[in-house]
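Visitor: I'd like to ask you about the structure that follows.
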Amino acid sequence: MAQVLRFAEERDLAVVPFGGGTSLVGGVDPLPGAHRAVLALSLERMVDPLAVDEVGRLARFQAGIRGPELERYLSERGFTLGHFPQSFERSTIGGWVSTRSSGEAVRREGELSQWLRGLTVVTPRGILRFEEPLPEAAGPDPFALFPGSEGSLGVIVEVTVAVRRKPEETLYRGTLFPNWEAGVEAGRELAQGHLPPFLFRLTDSEGTALTLEGRGPGPGLSGRVRERIEPRYLEFKHFDPGTMCLALQGWEGTPEEVSLSEREARRVTREHGGMDLGRAFTEFWRRERFAFPHLRDDLVEAGWMVETFETAAAWSEVTGVALGVRQALEERARAGRWALLVATHLSHVTVSGAVLNFQLIAPRDPEDAPGQAQALVQAGLEAVMKAGGKFSHHLGVGRDRLNLLASQRSPVETTLLASLKRALDPRGVLNPGKTLSLEEGPSNPPKGS
């Protein structure tokens, strides 16, 4: 790897590290910057598990291993990492680190900083090895520079993580709430309680309608669930199909822990008007939870525009942010004369807040499809920042959101990051135009300088 980076410097080539290729924000777009051409540096052969410390509960992997292979290896030894982003089937552990990925079950797995324990990073100026199984107070920590750097400071080649024993029992249930506000309040109360679910995912009325319509009478749909989504039963229970919202909850641990947590969740959801759909309803989600990336590809090939973005919000701001973003998107769609479907779901619940994910689907503009997508996402993200939110929680920056990142950085922060980039990558060959603009990154000095 070090030889490849030296070769790139000598030949004046930009280098784009490539793992699973699942970036939704142009994180692996081949931007040459000031260089002659772009070299795609694939990690597809760097897929080996390297070590497992069963006593210390640590595991080390090459950076190109994908989610399913990583979990399969750990499961055979009685462990799990428990990190399941929606791109799980295609994405790699190196990509998770380089974009500071976050799975939906954040209450269980924690944020990336809570399970990342070590890295080996190859830079144009040398190889850096970090092993930090325990916290330390030894001055500023260079280890913290690389998560979220998106391949712009070095190529991550090995990752060490903290793992845990597989739970004895895992249980999911579906709940139908009369409206978004009731579901949000139930999620907040559960997340702030003593027995929180590891998963709470709330879908707005538009997304709920799509989910229920898409289910059909498929296998595994119990008679009880089928009855409860019938219009006459919903009317009897005073549920309006135009406002009701579907939630999925999950618990894990010992059978006793799961039973206690589930009982508490059912109490809370009843108090907020929720209707229990039981366990059978969640089987569809468990089968199809990683299908959206495949569905997105199919829709794009069929002529649709499909985009997604996300933000994190405090519980006191969740509903206001969701409403503000929807209004901004609808206004921009009207201005462009585009039909637009917006589906919002709430996930990654914590004591302080949650993540809002927005999925946009529209017939592709035949005259300017890229401009249509950019205009809609830009309108949504501007509404997010106007409400005080951040433009990205777990999708990263890439090429597409660099202008938004620049608007949230101070000049001092930009200067600091540019200095780090020059120290590690003085010729600016690593993934130009990501995390720093081409103008902010190092120039391409003459050879021998």
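The values are calculated or read from the model by the stated rules, or taken from the named source; none is laboratory data. If you're wondering where the values come from, they're calculated on a predicted model, not measured in any experiment. As a convention, Cβ positions derive from the backbone with ideal geometry for all residues, glycine included, and neighbour counts pool all protein chains shown.
Visitor: Failed condition for K447, given (1) among the charged types (D, E, K, R); (2) assigned to a loop (DSSP other than H, G, I, E, B); (3) surrounded by fewer than 20 Cβ atoms within 10 Å (Cβ to Cβ); (4) modelled with pLDDT of 85 or more, with all others met?
Guide: (4)
Visitor: So V38 passes all but one of these: (1) of a type in the set (A, V, I, L, M, F, W, C); (2) crowded, with 21+ Cβ neighbours inside 10 Å; (3) within 28 Å of V306 (Cα to Cα). Which condition number does it fail?
Guide: Here V38 meets the rest and fails (2).
Visitor: Ok, one more. Would you check if there is a residue in region 133-141 being assigned by TED's automatic domain parsing to the domain that holds R6, surrounded by 17 or more Cβ atoms within 10 Å (Cβ to Cβ) and among the hydrophobic types (A, V, I, L, M, F, W, C)?
Guide: No, that holds for no residue.
Visitor: Determine which member of the set G82, G67, G56, G78 is crowded, with 19+ Cβ neighbours inside 10 Å, touching a residue at least 24 places away in the same chain (Cβ under 8 Å) and within 10 Å of V163 (Cβ to Cβ).
Guide: Among G82, G67, G56, G78, only G82 is crowded, with 19+ Cβ neighbours inside 10 Å, touching a residue at least 24 places away in the same chain (Cβ under 8 Å) and within 10 Å of V163 (Cβ to Cβ).
Visitor: Hey, can you tell me all the residues within region 339-352 that are surrounded by fewer than 21 Cβ atoms within 10 Å (Cβ to Cβ) and under 19 Å from L112 (Cα atoms)?
Guide: The answer is T350, V351, S352.
Visitor: So, one more: Based on this model, can you work out whether A369 counts as surrounded by fewer than 18 Cβ atoms within 10 Å (Cβ to Cβ), under 29 Å from S437 (Cα atoms) and in contact (Cβ under 8 Å) with a residue 40 or more places away in the chain? Let's see the steps before the verdict.
Guide: Working: surrounded by fewer than 18 Cβ atoms within 10 Å (Cβ to Cβ): yes; under 29 Å from S437 (Cα atoms): yes; in contact (Cβ under 8 Å) with a residue 40 or more places away in the chain: yes.
Spelling it out, A369 is indeed surrounded by fewer than 18 Cβ atoms within 10 Å (Cβ to Cβ), under 29 Å from S437 (Cα atoms) and in contact (Cβ under 8 Å) with a residue 40 or more places away in the chain.
Visitor: Which one of the conditions (1) of a type in the set (A, V, I, L, M); (2) part of a helix (DSSP H, G or I); (3) modelled with pLDDT of 75 or more does V225 fail to meet, given that it meets all the rest?
Guide: Condition not satisfied by V225: (3).
Visitor: Also: Within region 157-176, is there a residue that is outside the structural domain of M244 (by TED's automatic domain parsing) and of a type in the set (G, A, S)?
Guide: yes
Visitor: Might you check whether a residue that is assigned to a strand (DSSP E or B) and assigned by TED's automatic domain parsing to the domain that holds T311 occurs anywhere in region 385-392? Can you show your working first?
Guide: Kept after step one, since they are assigned to a strand (DSSP E or B), are these residues of region 385-392: none.
Checked region 385-392: no residue is assigned to a strand (DSSP E or B) and assigned by TED's automatic domain parsing to the domain that holds T311.
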